[in-house]
Amino acid sequence: MVRLDDKLAALATMSPAQLRGEWLQTFGNAAPPLGHRLLALAIASRLQEKARGGLSAKLVREVDTLVRQVGRGGEIKASASATLRPGTQLVREWRGSTHRVMILDEAYLYRDERYGSLSEIARKITGAHWSGPRFFGLTKTAGAAA
């Protein structure tokens, strides 16, 4: 059996006709009228997906939602979770003090303690129940959206 790495490397040396044949073998239908580089990229993506698994169900749902929004002529809005990458720092000024939160892989770091949600941190800072994303300015308020 041909290794995935070898197959991916071979795509770079294939002629457009060979790529169209590879497309047919990979996808089971005729190749669309695309340039050879784009065909090779699409085939490589599909081969890797087959070998290593595809997108998570959650990500597929998010993409479907975005496609529907665009189809209706709507504006695409990224969720806070989509924009908060590990290493991102959130900074909030509250009653004369500056508060910094570091986004970790599956938690938040605030003053050398890990928290499971931004809302926990907002509650610790304010002493009241707050939506963490709203407290840190990650969501629009109803008035700002209108």
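Total residues in segment 83-101 satisfying the condition of being surrounded by 11 or more Cβ atoms within 10 Å (Cβ to Cβ) and at pLDDT below 80: the figure is 1. Within segment 74-102, residues that are over 17 Å from F135 (Cβ atoms) have Cβ atoms under 6 Å from residues that are at pLDDT below 90 and in a helix (DSSP H, G or I) in these pairs: I76/L66; I76/Q69, counting only partners at least 6 apart in sequence or on another chain. Restricting the first member to segment 43-55 and to residues that are closer than 16 Å to G28 by Cα, and the second to residues that are part of a helix (DSSP H, G or I) and aliphatic (A, V, I, L, M), the beta-carbon pairs closer than 8 Å and six or more apart or on different chains are I43/L11; I43/L19; A44/L8; A44/L11; L47/L4; L47/L8.
The values are calculated or read from the model by the stated rules, or taken from the named source; none is laboratory data. Given the structure is predicted, the values throughout are model-derived calculations rather than measurements. Glycine gets a Cβ as well: all are built from the backbone with ideal geometry, and neighbour counts include every protein chain shown.
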